[in-house]
Amino acid sequence: MNTILTVSGLTKTYATGLQALKGVDLEIRKGEIFALLGPNGAGKTTLINIVCGIVTPSSGSVRAEGLDIARDYRAVRLCYFARGGHCRLHRRRYRRCLGLLRGARAEIG
């Protein structure tokens, strides 16, 4: 199966000194079902926010279908939308996402 998401050596330390992620390695292949489980404060939301490009990691990398989400962020987003990812978004959010892809400044919310 093809690997659709690869997380390698991901760490996140906030300015307060809180280390939310400590060397996370993860590989998800096409067709797999995956769940993040853990107690409050375990770093689940931080990991998702980094994968989505909302939070910048302190170190490590995230690759979506072989593309680095930090370096190739436009290509990653275009891949997602080309595969129908927009179908999961409310119409207003979809328009905001398209604006971001076209270079407009907007917040997705």
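Evaluated over the Cα positions of the range 1-71, the convex hull gives a direction-averaged projected area, one quarter of its surface, of 4.9 nm². For residue 2 and residue 58, FRET efficiency with R0 = 35 Å and r from the beta-carbon atoms, rounded to 0.05? After rounding, the FRET efficiency stands at 0.80. Taking other C-beta atoms within 10 Å as the exposure proxy, 3, 56 rank 56, 3 from fewest upward.
We did not get these values from a lab; they are worked out from the coordinates using the rules stated. All values reported here derive from a predicted model rather than from experimental measurement. Cβ: placed from backbone, ideal geometry, glycine included. Neighbour counts: every protein chain shown.
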